[in-house]
Amino acid sequence: LRGHYRQAFEEYFRGAVDEREPIAAFNLAFMYHQGISVPRNYMMARKFYVAASGLEGGEAQFNLALMYLRGQGVAPDAAKAAEYMKTAAARGCVNAQLYLGAAYTMGYVFDPVDIECISLIPFYRVIERRRPELYLGGGGGDARIEDQRYEVLEADEQYAVEMLEAAAAHKD
């Protein structure tokens, strides 16, 4: 909170690597994902999100889903992204529940361009927004990846409503 990002990085690194602490691993992953105090490194972010995947709440799985949707440190894989999103939703991640409510309403997976990633850190600095990339119906996308987005799931109004109701049930 005071801007001591390098010190925070070192503490999270020590906690994640030496003590195998999942919250430290999650926060370290977030710092790598956003390039806070270190160069942005999606491969390291993915590694530490996986290490933190046992945490309750599903935030690590949500961030992994975004990485697979966008091909950040991995090959784009809509099916794997959808599985991570479903796990995140089942663990109570509101953003994943809202995402799945929308995805099952439309019948395809998509990149929620306004969501960068979830942080457990009480973080108070503006994170630069990604440039929206054109996927569905626009140029600039790989047609094979775009086709896969439609093949991963089918529209399911009942499941969409269940996800939206689960999200609405949260107190936040």
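The values are calculated or read from the model by the stated rules, or taken from the named source; none is laboratory data. For clarity, every value in this text was computed on a predicted model and none was experimentally measured. Note: ideal-geometry Cβ built from the backbone for every residue, glycine included; neighbour counts use all protein chains shown. Just the protein is used for accessible areas: all its heavy atoms, side chains included, with ligands, DNA and RNA removed. Shrake-Rupley method; radii C 1.70, N 1.55, O 1.52, S 1.80 Å.
When you scan segment 34-45, how many residues do you find that are at pLDDT 95 or above and assigned to a helix (DSSP H, G or I)?
Final tally of qualifying residues: 4.
How many residues does segment 88-103 contain that are of a type outside the set (Gly, Ala, Ser) and assigned to a loop (DSSP other than H, G, I, E, B)?
Residues flagged as of a type outside the set (Gly, Ala, Ser) and assigned to a loop (DSSP other than H, G, I, E, B) within segment 88-103 amount to 2.
Just name the residue that is modelled with the highest pLDDT out of those in segment 86-103 that are open to solvent by 30 Å² or more (accessible area, probe 1.4 Å) and polar (S, T, N, Q).
Step by step, filter segment 86-103, then rank; the result is Thr87.
Is it the case that some residue within segment 66-87 is in contact with a Gly (Cβ under 7 Å, 6 or more places away or on another chain), within 26 Å of Tyr5 (Cα to Cα) and part of a helix (DSSP H, G or I)?
Yes, there is a match, as at least one residue in segment 66-87 is in contact with a Gly (Cβ under 7 Å, 6 or more places away or on another chain), within 26 Å of Tyr5 (Cα to Cα) and part of a helix (DSSP H, G or I).
Suppose we filter Ala45, Ala82, Ala90 for residues that are hydrophobic (A, V, I, L, M, F, W, C) and over 28 Å from Leu164 (Cα atoms); which single one remains?
Exactly one of Ala45, Ala82, Ala90 is hydrophobic (A, V, I, L, M, F, W, C) and over 28 Å from Leu164 (Cα atoms), namely Ala45.
Check segment 39-49 and report whether any residue there is surrounded by fewer than 22 Cβ atoms within 10 Å (Cβ to Cβ), touching a residue at least 40 places away in the same chain (Cβ under 8 Å) and not β-branched (Val, Ile, Thr).
Scanning segment 39-49, I find no residue that is surrounded by fewer than 22 Cβ atoms within 10 Å (Cβ to Cβ), touching a residue at least 40 places away in the same chain (Cβ under 8 Å) and not β-branched (Val, Ile, Thr), so the answer is no.
Examine segment 104-126 for a residue that is part of a loop (DSSP other than H, G, I, E, B), modelled with pLDDT of 90 or more and of a type outside the set (D, E, K, R), and state whether such a residue exists.
Yes, segment 104-126 has at least one match.
From the list Tyr68, Tyr42, Tyr5, Tyr49, pick out the single residue that is more than 17 Å from Ser119 (Cα to Cα) and among the aromatic types (Phe, Trp, Tyr).
Matching residue, one of Tyr68, Tyr42, Tyr5, Tyr49: Tyr68.
Pick from Glu21, Glu83, Glu59: which is surrounded by 23 or more Cβ atoms within 10 Å (Cβ to Cβ) and among the charged types (D, E, K, R)?
Glu59
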